[in-house]
Amino acid sequence: MSEPLHVIYRHEPTSDGEPTWHSYSYPTAVYASGYALEDLREAFREAVAFHYGETPVPQLVEHLEHQAAPGVFLRVAVDRQTLDRDYVESTMRAALTRESVHRPRFAAEQVSASGDIVVVCAVASDRLGWVFEQMGEHDALHIAMAVSDFGVNIATVAGPSGIPDPTGSLTLNEVGLSSESTIGEFMVAVTPDRESSRLPVLITL
Amino acid sequence: MGERWPEIKAGRLAAVLVRECGPPIRQNGSHRVFRSVDGQSTFTFAIHDRKTVPGSLARRILVMDARLTIEQARKAVRG
């Protein structure tokens, strides 16, 4: 089966208020916009059909991205585990509105190709490869997974050009993982304490 | 967080893409397929010229898909 096409529908109103939704996608980049999510989904499908021409369009995996704090976007995949991801999303959203001392901190240089923080709301059974499919070489993505009724673990992956200075980062090999490893295994490997959880794991795409 | 880029009209961004990447390799109305400056990949920009594009999206397109450096992208948008 061919590689899926991950499309992210981002809600980011512009100063003139319209349009409010934009899409971007991996591994083939297709950009569209819409005034409402359904408009955008339709516009994206038209644009992606135009891009591929006679070639069959890959299976689409859809994600929604909303801003939870200035410059911080939460990404939720629309799939059979959306409700589980929504729990992570709401926990993250609440954490981001706490008093600053308790708020999750993100390193300023660990940003997506858009220049902002993107947090993928994941569940333990997601494969790392599934996250890698939804990023490019210039992206750093933060992965959040629920670990208890009240908390989430956050760890970071970055493409080869995703952070300016990779000093102190680890590779997947160094943490004994592969793209087949699950997010649950990833969290156990990279977040044994708070210090190590701040180190991005550099990956090769 | 990274530097916030200013919003840009889609028509102006398309003009920047034409200047940096060359004319679209295929076009139908506002659907335009461009080739990256290094010739390694193609991408589709299907946003109508009069619409506004967030700075974050402009940065992504210019750096990740057109494959300009951040400095080149910044200069291209300013110029």
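Just to confirm my filter: which strands (runs of 3 or more DSSP E) fall fully inside chain B and include at least 3 residues that are in contact with a Cys (Cβ under 6 Å, 6 or more places away or on another chain)?
Counting at least 3 such residues, we get no strands (runs of 3 or more DSSP E) at all.
Given the conditions (1) more than 10 Å from chain B (Cβ to nearest Cβ); (2) in contact (Cβ under 8 Å) with a residue 60 or more places away in the chain; (3) in contact with a strand residue (DSSP E or B) (Cβ under 9 Å, 6 or more places away or on another chain); (4) farther than 16 Å from A:Tyr26 by Cβ, report the number of the one that A:Gly151 does not fulfil.
Only one criterion in (1) more than 10 Å from chain B (Cβ to nearest Cβ); (2) in contact (Cβ under 8 Å) with a residue 60 or more places away in the chain; (3) in contact with a strand residue (DSSP E or B) (Cβ under 9 Å, 6 or more places away or on another chain); (4) farther than 16 Å from A:Tyr26 by Cβ is unmet by A:Gly151, namely (3).
For region A:54-71, how many residues are farther than 14 Å from A:Tyr24 by Cα and either surrounded by fewer than 19 Cβ atoms within 10 Å (Cβ to Cβ) or modelled with pLDDT of 95 or more (or both)?
Of the residues in that region, 10 qualify.
From the list A:Ser148, A:Ser181, A:Ser169, pick out the single residue that is in the same structural domain as A:Ala77 (by TED's automatic domain parsing) and open to solvent by 50 Å² or more (accessible area, probe 1.4 Å).
A:Ser148 is the lone residue from the list that is in the same structural domain as A:Ala77 (by TED's automatic domain parsing) and open to solvent by 50 Å² or more (accessible area, probe 1.4 Å).
In this structure, is B:Ile25 among the β-branched types (Val, Ile, Thr) and facing chain A (nearest Cβ under 9 Å)?
no
If A:His11 satisfies every condition in (1) in the same structural domain as A:Val152 (by TED's automatic domain parsing); (2) in contact with a His (Cβ under 6 Å, 6 or more places away or on another chain) but one, which is the exception?
(1)
Within region A:93-103, is even one residue of a type outside the set (Gly, Ala, Ser) and in contact (Cβ under 8 Å) with a residue 60 or more places away in the chain?
Within region A:93-103 (the criterion being of a type outside the set (Gly, Ala, Ser) and in contact (Cβ under 8 Å) with a residue 60 or more places away in the chain), the answer is no, since none of the residues qualifies.
Is it the case, given these coordinates, that A:Ala155 is farther than 21 Å from A:Glu62 by Cα, assigned to a helix (DSSP H, G or I) and open to solvent by less than 60 Å² (accessible area, probe 1.4 Å)?
Here the answer is no, as A:Ala155 does not meet what is asked.
Hey, could you check region B:16-71 for residues that are in contact (Cβ under 8 Å) with a residue 12 or more places away in the chain and at positive phi and say which is farthest from the chain's Cα centre (by Cα)?
The extreme case among them is B:Gly22.
Which residue is surrounded by the fewest Cβ atoms within 10 Å (Cβ to Cβ), if the candidates are limited to region A:100-140 and must be of a type in the set (A, V, I, L, M) and away from chain B (no Cβ under 13 Å)?
A:Val101
When you look at B:Glu3, is it at the interface with chain A (Cβ under 7 Å from one of its Cβ atoms), without any contact (Cβ under 8 Å) to a residue 12 or more places away in the chain and closer than 26 Å to A:Gly17 by Cβ, yes or no?
Criteria met by B:Glu3.
Taking only pairs six or more apart or across chains, which ones have beta-carbon atoms under 8 Å, a first residue in region A:12-35 that is facing chain B (nearest Cβ under 9 Å) and open to solvent by 30 Å² or more (accessible area, probe 1.4 Å), and a second residue that is among the hydroxyl-bearing types (Ser, Thr, Tyr) and part of a strand (DSSP E or B)?
Matching pairs, first to second residue: A:Ser15/B:Thr52; A:Asp16/B:Thr52; A:Glu18/B:Thr52.
How many of the residues making up region A:106-127 are over 25 Å from B:Leu57 (Cβ atoms) and in contact (Cβ under 8 Å) with a residue 60 or more places away in the chain?
Selection size over region A:106-127: 2.
The values are calculated or read from the model by the stated rules, or taken from the named source; none is laboratory data. For clarity, every value in this text was computed on a predicted model and none was experimentally measured. Backbone-built Cβ (ideal geometry, glycine too); neighbour counts: all protein chains shown. Side chains included, ligands, DNA and RNA excluded: accessible areas come from the protein's heavy atoms. Shrake-Rupley method; radii C 1.70, N 1.55, O 1.52, S 1.80 Å.
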